[in-house]
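Step one of this worksheet: look at the structure below.
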Amino acid sequence: MPELPEVETVRRTLQYQLGHPLITKVEVYWERIVADMCKHDFCELIAHQQICDYERIGKYLIFVLEDYYLVSHLRMEGKYFVQQKQEPYDPKHTHVIFQLEDGRQLRYHDTRKFGRMYLYPKHVELTAQKAFAHVGFDVFDERLDATYLYQQLHSRHIVLKQALLDQSVMAGIGNIYADEICFALGYHPETKIAHLRKKEYPLLLETVRSILRKAIDCGGTTIRSYTSSLGVDGRFQLELAVHAQKGKACPRCGNEIVKKVVATRGTYYCPYCQRKCLSKRFINRVSTCDS
């Protein structure tokens, strides 16, 4: 599934490739792709709207139109293609086509049909809309600080990986980056979040943002079913320390990376470098190894 770095890469690439065209016509071939609105109204309202900007909240891609926010959640395999009208496309898996004034088309392709699109009027705060009812602050939102994170998490009876994946607290992290964040911290993914001390939260947030910035710089991660459809190949899979590295040597200590299910998700970690109960001596040893 595209996570924050992949969606941010799509946002930046669309902004560069598309610019600010006028949408002249919209065709929806699978009605359920449009949430909370009939496809006829969706097409009518978007037609003759200009794309003014491109934004993102967590894993949600946002097209800022003249009068509306067009919100796109790619889910498992949603992809956008920028193509000329005469170029062939896969009719079975292409569910929405935006005809642009300059003759190009923006095509939405989704093999599994899990993706959704929402259309909201701009006069209402976007984060107050239904799609964002359970979406917290974006990882890079300035309102998200260590104190807020501590207040939201410290009393909960969940493990670290669950906390990282909870989109209602911090939006944008998925399975790949949760594994990488736990490894970078030196924390076992099953560490109880209540065991983290308040003074550890600044490092937690700093590590989250550092990992995701690096992934964005690499264009995201091209892994399994997710690949960029806009001519951008993610390179962060070359930087993965533990995710999808089962049986390989830990880059920190050389011991074998293992896989188990944590919070219903396949999870990769080093059982030697990542401990549930971190003594001060262990934290110092990990810090020395990383330096």
Query raised in the report: Asp166 is checked against (1) within 14 Å of the chain's Cα centre (by Cα); (2) under 23 Å from Ala35 (Cβ atoms); (3) buried (at least 22 other Cβ atoms within 10 Å of the Cβ) and fails just one. What number does that condition carry?
Result: (3)
Query - Selection count, the range 93-127, where residues are among the charged types (D, E, K, R), in a loop (DSSP other than H, G, I, E, B) and open to solvent by 30 Å² or more (accessible area, probe 1.4 Å) - result: 6
Query raised in the report: With respect to Leu164, is the statement that it is under 19 Å from Ala241 (Cα atoms) and not β-branched (Val, Ile, Thr) true?
Result: yes
Query - Positions within the range 128-143 being among the acidic types (Asp, Glu) and either open to solvent by less than 30 Å² (accessible area, probe 1.4 Å) or touching a residue at least 60 places away in the same chain (Cβ under 8 Å) (or both), in sequence order - result: Asp138
Query raised in the report: If we scan the range 22-33, do we find a residue that is within 21 Å of the chain's Cα centre (by Cα), among the hydrophobic types (A, V, I, L, M, F, W, C) and either in a helix (DSSP H, G or I) or exposed (fewer than 15 other Cβ atoms within 10 Å of the Cβ) (or both)?
Result: yes
Report task. Answer with yes or no whether Tyr118 is in contact with a Ser or Thr (Cβ under 7 Å, 6 or more places away or on another chain) and hydroxyl-bearing (Ser, Thr, Tyr). Result -> no
Report summary line: Quick count over the range 7-26, residues being basic (Lys, Arg) and touching a Lys or Arg at 6+ places or on another chain (Cβ under 8 Å), is 1
Query raised in the report: Is one or more of the residues making up the range 205-213 over 25 Å from Lys79 (Cβ atoms), modelled with pLDDT of 95 or more, assigned to a loop (DSSP other than H, G, I, E, B) and open to solvent by 10 Å² or more (accessible area, probe 1.4 Å)?
Result: no
Requested in this report: May I ask you to say which residue of Tyr60, Tyr68 is touching a residue at least 24 places away in the same chain (Cβ under 8 Å) and crowded, with 21+ Cβ neighbours inside 10 Å?
Outcome: Tyr60
Requested in this report: Taking only the range 34-51 into account, find how many residues are under 25 Å from the mean Cα position of the chain (by Cα) and more than 17 Å from His95 (Cβ to Cβ).
Outcome: 1
Query - Selection from the range 84-107 of residues that are modelled with pLDDT of 95 or more and hydroxyl-bearing (Ser, Thr, Tyr) - result: Thr94
Report summary line: Expected output for the range 248-274 (first residue closer than 19 Å to Ile193 by Cβ and free of Cβ contacts under 8 Å to residues at least 40 places away in the same chain, partner open to solvent by less than 10 Å² (accessible area, probe 1.4 Å) and in a strand (DSSP E or B), Cβ below 8 Å, 6+ apart or cross-chain) is Lys260/Thr267; Val261/Thr267
Report task. Please tell me if Arg116 is among the basic types (Lys, Arg) and over 26 Å from Glu66 (Cβ atoms). Result -> no
Report task. Could you tell me whether Cys52 is open to solvent by 50 Å² or more (accessible area, probe 1.4 Å), touching a strand residue (DSSP E or B) at 6+ places or on another chain (Cβ under 7 Å) and hydrophobic (A, V, I, L, M, F, W, C)? Result -> yes
Query raised in the report: So which residues in the range 128-145 are aliphatic (A, V, I, L, M) and in a loop (DSSP other than H, G, I, E, B), if there are any at all?
Result: Ala133, Val135, Val139, Leu144
Query raised in the report: What about Cys38, is it surrounded by fewer than 19 Cβ atoms within 10 Å (Cβ to Cβ) and under 30 Å from Ser210 (Cα atoms)?
Result: no
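The values are calculated or read from the model by the stated rules, or taken from the named source; none is laboratory data. All values reported here derive from a predicted model rather than from experimental measurement. All Cβ positions, even for glycine, are placed from backbone atoms using ideal geometry, and neighbour counts span all protein chains on display. The accessibility values were calculated without ligands, DNA or RNA, using every heavy atom of the protein model including side chains. Shrake-Rupley method; radii C 1.70, N 1.55, O 1.52, S 1.80 Å.
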